[in-house]
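Peer 1: Attaching a single structure in C-alpha cells format; questions to follow.
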Amino acid sequence: MVDVLKRNNVRVLGRGRRTLLFVNGFGCDQSIWRYIIPAFSEQFHLVLFDHVGAGQSDPSSYQEAKYASLNGYAEDLLEICHRLTLQQVTLVGHSVGAVIGSLAAIREPQLFRQLILLCPSAYYLNEPGYHGGFDRTDVEQMLRFMETDYVGWVDSFVPFIMGNPDRPSLVAELTHSFCQNDPTIAKQFARVTFLSDNRADVTKLRVPCLLLQCAEDLIAPPEVGDYLHSAIPGSTLITLPVTGHCPHVSAPTETLEAIEAYLVA
C-alpha cells in the first residue's frame, strides 16, 4: 500500500492555525490554486493534494472499482484528513472537487468547519424540471471524443471551460494541466464526473457552505447554483460578476474577496 501522502502528492504549507484544504476539479492538479494560495499562507495551515492520476500523484494506486464513483475520491480526501489529524477544516473545492468535498463532509461532518464550493454542480445533465447545462447526447458524444483523441478533446474543450477567449494564456495554462493527467484515468474520471447525479446527496449536507458561482459559466450555469442554494440547508450563494468555470484562475481577486469575506463572517 502506498502511503496516502505519496499517493495523492499531499503538500502542507502555511503558518496559521486554521486549516484550508483545497480540492481540485477534474483535469487539474494542485498548481491550479497558485493565484490565491499566497494570500492565505500567513494566516492558515494549507493542505493541497492531487487526485490519483493527476499531477504528481501515484497513478499505480488507481483502482477502477474504487473510483467508479465520486465516493472513491471522497474516501481519499477523508484518508488525508485522518493521516494529518486535521480538525475543523475549511474545505475549498472547485467543480467536481466541490462535490467530492461535499460527499466527504456528509460522511464525516465533525471534521469540517465550513465548505467553500467554487462552481459546483450536483448533476451536469438536463432533466425535466432541472437544468444541468448538458444534454445526455452531447455528453456521450464528448466522452466518445475523449476515448478516440484525448489531446484533441483537451484542445477543443479547455477553451470552453476557461471561458475567457480574450485571454489565451489562461487557456494555455489549463491545457498544460489537462495534458499532465494520465489519459486512461482522465477518461474514466470524466465519465464519472459528467454522469454522476448527486442531487439527493447534497440535501444531506449540514456543514455551513458558501456557493460561489460565475455569472457566465457554460459548465455550471447559474441555474445550477440556484438549485444547490435551495437544496443545501443554510447555504450562502454569491454570484461573481465574471465569466468562465475557473474564477480562481481567471478572476483571483474577486474570488479571494468573496472567500475572505466568508471566512471572517
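The values are calculated or read from the model by the stated rules, or taken from the named source; none is laboratory data. Quantities reported herein were computed from a predicted structural model and do not represent experimental measurements. No Cβ is skipped: glycine too gets one built from the backbone with ideal geometry, and neighbour counts run over all protein chains shown.
Peer 1: Taking the criterion of being among the basic types (Lys, Arg), within 20 Å of the chain's Cα centre (by Cα) and under 17 Å from Pro120 (Cα atoms), would at least one residue in region 166-188 satisfy it? Can you show your working first?
Peer 2: Of the residues in region 166-188, the ones among the basic types (Lys, Arg) are 167, 187.
Filter once more, keeping what is within 20 Å of the chain's Cα centre (by Cα): 187.
With under 17 Å from Pro120 (Cα atoms) added as a condition, the list becomes none.
Within region 166-188, not a single residue is among the basic types (Lys, Arg), within 20 Å of the chain's Cα centre (by Cα) and under 17 Å from Pro120 (Cα atoms).
Peer 1: Next question. Against the definition (in a helix (DSSP H, G or I), closer than 22 Å to Phe49 by Cβ and under 17 Å from the mean Cα position of the chain (by Cα)), how does Leu256 come out, yes or no? Explain how you work it out, then say what you get.
Peer 2: On the way: in a helix (DSSP H, G or I): yes; closer than 22 Å to Phe49 by Cβ: yes; under 17 Å from the mean Cα position of the chain (by Cα): yes.
Yes; evaluated as a whole, the condition is true for this residue.
Peer 1: Quick one: Gly234 ticks every box in (1) over 15 Å from Leu118 (Cβ atoms); (2) part of a helix (DSSP H, G or I) bar one, so which box is it?
Peer 2: The failed condition is (2).
Peer 1: Could I ask something else about it? Please go through region 8-25 and pick out each residue that is of a type outside the set (Ser, Thr, Tyr) and surrounded by 22 or more Cβ atoms within 10 Å (Cβ to Cβ). Talk me through it step by step, then tell me what you get.
Peer 2: Keep residues of region 8-25 that are of a type outside the set (Ser, Thr, Tyr), which gives 8-18, 20-25.
Correct list: Asn8, Leu20, Leu21, Phe22, Val23, Asn24, Gly25.
Peer 1: Those residues that are of a type in the set (A, V, I, L, M) and surrounded by 15 or more Cβ atoms within 10 Å (Cβ to Cβ), I need them from region 239-265; list them, please.
Peer 2: Residues of region 239-265 of a type in the set (A, V, I, L, M): 240, 242, 249, 251, 256, 258-259, 261, 263-265.
Selection gives Leu240, Val242, Val249, Ala251, Leu256, Ala258, Ile259, Leu263.
Peer 1: With the requirement that a residue be part of a strand (DSSP E or B) and crowded, with 18+ Cβ neighbours inside 10 Å, what does region 114-173 give you?
Peer 2: Of everything in region 114-173, those that are part of a strand (DSSP E or B) and crowded, with 18+ Cβ neighbours inside 10 Å turn out to be Gln114, Leu115, Ile116, Leu117, Leu118, Leu125, Phe134.
Peer 1: Give me the pairs: first residue in region 145-164 and of a type in the set (D, E, K, R), second residue assigned to a helix (DSSP H, G or I), beta-carbon distance under 8 Å, and six or more apart or on different chains, which are they?
Peer 2: Glu147/Lys187; Asp155/Thr175
Peer 1: Restrict the check to region 35-47 and report whether at least one residue is charged (D, E, K, R) and in contact (Cβ under 8 Å) with a residue 40 or more places away in the chain.
Peer 2: Scanning region 35-47 turns up no residue that is charged (D, E, K, R) and in contact (Cβ under 8 Å) with a residue 40 or more places away in the chain.
Peer 1: Quick test for you: out of Glu254, Glu216, pick the one residue that is in contact with a strand residue (DSSP E or B) (Cβ under 6 Å, 6 or more places away or on another chain) and either over 27 Å from Thr19 (Cβ atoms) or modelled with pLDDT under 95 (or both).
Peer 2: The unique qualifying residue is Glu216.
Peer 1: Something else about it: Out of curiosity, is Asp50 among the charged types (D, E, K, R) and either part of a loop (DSSP other than H, G, I, E, B) or in contact with a strand residue (DSSP E or B) (Cβ under 7 Å, 6 or more places away or on another chain) (or both)? Walk me through it before giving the result.
Peer 2: Working: among the charged types (D, E, K, R): yes; either part of a loop (DSSP other than H, G, I, E, B) or in contact with a strand residue (DSSP E or B) (Cβ under 7 Å, 6 or more places away or on another chain) (or both): yes.
Yes: the conditions hold for Asp50.
Peer 1: While we're here: Leu20 passes all but one of (1) touching an Asp or Glu at 6+ places or on another chain (Cβ under 7 Å); (2) under 16 Å from Gly97 (Cα atoms); (3) touching a residue at least 40 places away in the same chain (Cβ under 8 Å); which number fails?
Peer 2: Result: Leu20 fails condition (1) only.
Peer 1: What is the number of the single condition among (1) under 28 Å from Val89 (Cβ atoms); (2) in contact (Cβ under 8 Å) with a residue 60 or more places away in the chain that Asp226 does not meet?
Peer 2: Every condition holds for Asp226 apart from (2).
Peer 1: What about Ala74, is it surrounded by 14 or more Cβ atoms within 10 Å (Cβ to Cβ), small (Gly, Ala, Ser), closer than 30 Å to Leu195 by Cβ and at pLDDT below 95?
Peer 2: So Ala74 fails the test.
Peer 1: Would you be able to say whether some residue in region 51-68 is crowded, with 20+ Cβ neighbours inside 10 Å, within 25 Å of Ala251 (Cα to Cα) and of a type in the set (S, T, N, Q)?
Peer 2: Checked region 51-68: no residue is crowded, with 20+ Cβ neighbours inside 10 Å, within 25 Å of Ala251 (Cα to Cα) and of a type in the set (S, T, N, Q).
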